[in-house]
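Working notes, beginning with the structure itself.
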Amino acid sequence: MSLHVDITAPPAPSAAPMTLAPVEQVRKLVTAIPGPASQARHAHRTSVLSAGLGTVLPVFIERGGGGILVDVDGNHLIDLASGIAVTTVGASAPAVVHRVQEQVAKLTHTCFLVTEYDGYVEVCDTLNRLAPGDQPKKSALFSTGSEAVENAVKIARAATGRPAVVTFGHAYHGRTLLTMTMTAKNAPYKDGFGPFAPEVYRAPLAYPYRWDSGPERCAAEALAALEDLVVKQIGARHCAAIVIEPIQGEGGVIVPPPGYLQGVAELARAHEIVLIADEVQTGIARTGAIFASELEGLVPDLMTTAKGLAGGLPLGAVTGRADLMDAVSPGGLGGTFAGNPVACAAALGVFETIESEGLVARARHIEAIIRAALDPVAAVNPIIGEVRGRGAMVALELVVPGTKTPAPDLATAVAAYCHRAGVLVLQAGTYGNVLRLLPPLVMSDELLTEALGVLVEALG
Ligand code: PLZ
């Protein structure tokens, strides 16, 4: 049997690391989007890949750099998606590429359960130091966000000896059995995939824009509902963890009202319930702080990260109170690929880039540019119900004019317009009516302003 591996351009054997000229940071369209080369590949893909795999934009990408993605037809697209909040330091950031190339040549894998290596410990040291609060902290590494969330729940259960997990409306936590159960939205994440994991409960999310009695009453009423669920319905002494995204991502970039997260933390503390902040999407400088929890003075007991942590290589982490992290017996946490050395090297390149490029401040600057472009449009365009978000995680909720009725078709049409014009945006939200902007933090003001110009044109 032959494997038929089609290596069209075999790399020349060389000791020198591969270097490429930087990707030109301009939007450039040389064909329609998707172009003919992408269309041909997409047709082939459809015949060989599971129909269960969706794709926002059927364009095949060959290269990425900074805020630009280059497709197989030679089009340069402006990336306002960052691979869903992953390439926060830019696609193929130089420090990530450099460290990964060096690491992959030295050691690809040993499995941390078998033998140890420095990169794993360095990543954990850094996360422990950066995570909110000055309590003693420890970390463990995994490969994905879902796995990080799943393990945070395992740790909370081991530490408390309790079964129940509380999540929220509109939440997204992953696609594994436990995390899809914790996820709120049925289609496409859960549809047909039951029965679901037991002992997962859902409280209403403090969603100011859609709170029935108005945004002012949202925090207090949502907290009362949470307390009722925890104390009266589940019973606090059965409750292992409350898991919350400090700003919901897939749910539609929902920023909780001031004081709400503090209220959740107080309730958790009062009943010795482990508070888990799911920072998989918000973490690692995305929101104008290293962690979005910091924006509300939240000190979670445990925190999950992934996505932006390793600049595109698969790495997830749980970080938190040392006493909780140590409640699991040796061997209880791990995985073959968990904390892979190449992914750890990438993470160290991410931390280096955030520091050397001042990307935390840069995220706040990006928020200011986006708000300056979109707020005036929102004031006069009735399809925009709300502009919200923090740092480089901003969204527009689109509605039927004069109502709050979600307008998913409008969001799809605006996204399609942007895509045709070479600007990659994402949709989000339980109702699919939210347009989400997640640019890499290294994107220049000019490129961002150009992309926002296209978006504003599309909204018009
Ligand atoms: N927790 C808060 O945002 C991943 C999902 C994309 P994984 N969000 C993007 C999709 O449709 O699969 C996410 C998240 C939060 C957990 C996860 C899960 O992270 O790395 O996708 O497993």
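Entry remark, region 85-125: residues being outside any loop (DSSP other than H, G, I, E, B) and under 23 Å from K154 (Cα atoms) number 5 in total. Of all the residues in region 131-147, those that are under 18 Å from the mean Cα position of the chain (by Cα) and either within 16 Å of the ligand (Cβ to nearest atom) or under 18 Å from A346 (Cα atoms) (or both) number 7.
Of the residues that sit in region 264-286 and are away from the ligand (no atom under 15 Å from the Cβ) and in a loop (DSSP other than H, G, I, E, B), which one is surrounded by the fewest Cβ atoms within 10 Å (Cβ to Cβ)? Here the residue is E272. Selection over region 235-255 of residues that are more than 30 Å from E367 (Cβ to Cβ) and surrounded by 19 or more Cβ atoms within 10 Å (Cβ to Cβ) gives a count of 3. Of the helices (runs of 4 or more DSSP H) lying entirely inside region 287-386, those containing at least 2 residues that are within 16 Å of the ligand (Cβ to nearest atom) and touching a strand residue (DSSP E or B) at 6+ places or on another chain (Cβ under 6 Å) span 341-356. For the residues A395, A338, the requirement of being outside the structural domain of V442 (by TED's automatic domain parsing) and either touching a His at 6+ places or on another chain (Cβ under 9 Å) or buried (at least 23 other Cβ atoms within 10 Å of the Cβ) (or both) singles out A338.
Filtering region 48-84 to residues that are of a type in the set (G, A, S), within 16 Å of the ligand (Cβ to nearest atom) and part of a loop (DSSP other than H, G, I, E, B) leaves S50, A51, G52, G54, A81.
The set of residues in region 128-138 being farther than 19 Å from I244 by Cα and buried (at least 21 other Cβ atoms within 10 Å of the Cβ) consists of K137 alone. Does any residue of region 164-173 turn out to be under 21 Å from A265 (Cα atoms), free of Cβ contacts under 8 Å to residues at least 24 places away in the same chain and assigned to a loop (DSSP other than H, G, I, E, B)? Looking for residues that are under 21 Å from A265 (Cα atoms), free of Cβ contacts under 8 Å to residues at least 24 places away in the same chain and assigned to a loop (DSSP other than H, G, I, E, B), one finds none in region 164-173, hence no.
Just to verify a result, which residue in region 148-170, among those that are within 10 Å of the ligand (Cβ to nearest atom) and buried (at least 24 other Cβ atoms within 10 Å of the Cβ), is farthest from G432 (Cα to Cα)? Going through the qualifying residues, I end up with A148. Here V70, V23 are screened, and the one residue that is assigned by TED's automatic domain parsing to the domain that holds L447, modelled with pLDDT of 95 or more, in contact with a strand residue (DSSP E or B) (Cβ under 8 Å, 6 or more places away or on another chain) and surrounded by 13 or more Cβ atoms within 10 Å (Cβ to Cβ) is V70. Scanning region 171-213 for residues that are of a type in the set (G, A, S) and either in the same structural domain as V56 (by TED's automatic domain parsing) or within 11 Å of the ligand (Cβ to nearest atom) (or both) yields a total of 2. Residues in region 171-214 that are surrounded by 21 or more Cβ atoms within 10 Å (Cβ to Cβ) and in contact with a Leu (Cβ under 8 Å, 6 or more places away or on another chain): A171, A203, A206. Taking the criterion of being more than 16 Å from the ligand (Cβ to nearest atom) and aliphatic (A, V, I, L, M), the residues of region 222-263 that qualify are A222, L223, A224, A225, L226, L229, V230, V231, I234, A236, A240.
Residues that are outside the structural domain of R210 (by TED's automatic domain parsing), outside any loop (DSSP other than H, G, I, E, B) and touching a helix residue (DSSP H, G or I) at 6+ places or on another chain (Cβ under 9 Å) occur in region 398-405; there is at least one. Within region 107-124, being surrounded by fewer than 14 Cβ atoms within 10 Å (Cβ to Cβ) and either under 20 Å from the mean Cα position of the chain (by Cα) or free of Cβ contacts under 8 Å to residues at least 40 places away in the same chain (or both) holds for V114, T115, E116, D118.
The values are calculated or read from the model by the stated rules, or taken from the named source; none is laboratory data. Bear in mind that the values here come from a model prediction, so they are computed numbers and not experimental data. Please note: Cβ atoms are built from the backbone with ideal geometry, for glycine as well, and neighbour counts cover all protein chains shown.
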